[in-house]
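Down below is the structure, laid out as structure tokens.
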Amino acid sequence: MKFFYRLLPLLFLLIACTLEEQNSDFADQKSKYLDYAASWQINEDALAEFVKVSRIQGNSSGINPHAQQLKQLENHATKLIAEKIGAKREQIHYVSCASVANNIAILGVAYKNPGCHLITSKIEHKSILNVFKYLEKKGYKVTYLSVDRYGHVDLKQLKNSIRKNTKLISVQMFNSEIGTLQNMKAIGKIAREHGILFHSDAAQSFCKYDIDVNEMGIDLLTISGYKIGAPKGIAALYVRDVERLQPIMFGSGDELFPGTKSTALICAFGKAVEKFTFDKRRICKNYAALVNELKKMDGVFINSSEPSHIVSVSIARVLLKDVLDRMRDFSFSAGCSCLGQGKSNVIEAIDPQGKLPGCTLRISFSDMVETTQLVNFAKKLRQVVEQLRKEKEVGEGCESALSESGQKKLKGSLDDIQNMLSTGIVENE
């Protein structure tokens, strides 16, 4: 035992060296990043803007010279963001993240119209679906629209679902798991014809796809900063008319999200909008190369139907955890990044019969990712999948090779060894 304690310092040193080596690996970018739908690479100009503005003392809500300087910087950034979606500066309300924006939008409409009817889709982000589930418990009626195999909302069902007291339609513009782009103009037109507010979670599509809140008939729009290269901690909610929302939080003023504004984050958000690039030709090229390579595997189901920066793939005859364990050279998502241990509502919606394999991966990339990197990923994935399938076949073969009597003898031998250990017959020498 004393000898063991003498070894402890060496053991801790070994662990520390191992962790240092792992950190060095990440610093050397050996783990290839293919999870841009979870978080975009931070823009260096946006980061520099954040640092610069952070050094300015003051609070933008004040009236002194420092406060006014910060307010001017805020207004400039807000103007850049508003122009990107065809909105006015005063219609942009800053929040900490897209989930908060979704909550403010949906709860704001619901509380303004107690007991009303609401419509959403089955493939929304959890921050939306969980709000609607909460409202159902409070007596609100909610319709969850079905989608086709590739996640497109059924517009006919949408029209038929509208009631006299329907007050809100909330449909994500671009799906974060399978990359489905909805027909926003068609949905907006339906909402406008019936005098219903239209909210869309555009966290994944802002700056990547054209958005005009007026042409699309959008009344409430969620956008996010860190999905386009701003630091984490800043997002915004576009609101056409604040009078149609009931505030759900309260501060010293009439803000929808009260509290001191983080001017530095807002300015970084504006700079990220100004500097963001999204080469659609490059994206389409990468998408095609990745999908073509993935299709070379047997038992593969591509869940994305149109070229985008997101590819969802389900793979048969392998376990998800085994694939993840052997693909650690790359960073990507199992279905999506925000599910934790939960099951994907998106996969359930596009596959109601449960025919898709349980192993679903989400690969997402930027226009800066090299095509060869995606091809190499797909080739490595194919090797891993083929190896796992061979190992499974060998394991099943060994199992079936033992006769029933042989299996009983093996179990008996194992039981005997277990009994010997438990009774202390086998001792350490």
Are any residues in segment 229-251 touching a residue at least 12 places away in the same chain (Cβ under 8 Å) and more than 15 Å from Ile92 (Cβ to Cβ), and if so, which ones?
Gly229, Pro231, Lys232, Gly233, Arg244, Gln246, Pro247, Ile248, Met249
Do you know which of the residues in segment 196-205 that are without any contact (Cβ under 8 Å) to a residue 60 or more places away in the chain and polar (S, T, N, Q) is surrounded by the most Cβ atoms within 10 Å (Cβ to Cβ)?
Ser200
Applying the selection to segment 152-176, what residues are at pLDDT 95 or above, assigned to a loop (DSSP other than H, G, I, E, B) and in contact with a strand residue (DSSP E or B) (Cβ under 7 Å, 6 or more places away or on another chain)?
Arg163, Asn165, Val171, Gln172, Met173
Restricting the search to segment 177-187, which residues are in a loop (DSSP other than H, G, I, E, B) and in contact with an Asp or Glu (Cβ under 8 Å, 6 or more places away or on another chain)?
Gly179, Thr180
Considering only segment 32-85, state which residues are under 29 Å from Ser331 (Cβ atoms) and in a loop (DSSP other than H, G, I, E, B).
Leu34, Tyr36, Ala37, Ala38, Ser39, Trp40, Gln41, Ile42, Asn43
Against the condition out of contact with any helix residue (DSSP H, G or I) (no Cβ under 6 Å at 6 or more places or on another chain), surrounded by 24 or more Cβ atoms within 10 Å (Cβ to Cβ) and either more than 26 Å from Val51 (Cα to Cα) or β-branched (Val, Ile, Thr) (or both), how does Ala236 come out, does it pass?
no
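Quick check: anything in segment 250-269 under 22 Å from the mean Cα position of the chain (by Cα) and surrounded by fewer than 16 Cβ atoms within 10 Å (Cβ to Cβ)?
No.
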For segment 49-74, pairs from a residue that is in contact (Cβ under 8 Å) with a residue 60 or more places away in the chain to a residue that is among the acidic types (Asp, Glu) and buried (at least 16 other Cβ atoms within 10 Å of the Cβ), with Cβ under 8 Å and 6 or more apart or across chains, are Ser60/Glu74
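For every residue, the table says whether it meets (1) under 16 Å from Gln41 (Cα atoms); (2) outside any loop (DSSP other than H, G, I, E, B); (3) out of contact with any helix residue (DSSP H, G or I) (no Cβ under 7 Å at 6 or more places or on another chain).
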position	(1), (2), (3)
Ala191	no, yes, yes
Glu243	no, yes, yes
Ala264	no, yes, no
Ala268	yes, yes, no
Ala272	yes, yes, no
Filter segment 207-226 down to residues that are over 20 Å from Ala191 (Cβ atoms) and in contact with a helix residue (DSSP H, G or I) (Cβ under 8 Å, 6 or more places away or on another chain) and give me whichever is surrounded by the fewest Cβ atoms within 10 Å (Cβ to Cβ).
Cys207
Would you pick out the residues in segment 332-368 that are under 11 Å from Asp35 (Cα atoms), at pLDDT 90 or above and not in a strand (DSSP E or B)?
Phe332, Phe365, Ser366
Matching entry among Lys343, Lys379, Lys296 (being surrounded by fewer than 18 Cβ atoms within 10 Å (Cβ to Cβ) and without any contact (Cβ under 8 Å) to a residue 60 or more places away in the chain)
Lys343
Quick one: which residue in Lys208, Lys156, Lys189 is more than 25 Å from Glu274 (Cα to Cα) and in contact (Cβ under 8 Å) with a residue 24 or more places away in the chain?
Lys189
Give the residue that is farthest from Lys321 (Cα to Cα), with candidates limited to residues of segment 362-376 that are surrounded by 23 or more Cβ atoms within 10 Å (Cβ to Cβ) and either free of Cβ contacts under 8 Å to residues at least 12 places away in the same chain or among the aliphatic types (A, V, I, L, M) (or both).
Leu374
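The values are calculated or read from the model by the stated rules, or taken from the named source; none is laboratory data. Because the structure is a prediction, the values reported are computed rather than measured. All Cβ positions, even for glycine, are placed from backbone atoms using ideal geometry, and neighbour counts span all protein chains on display.
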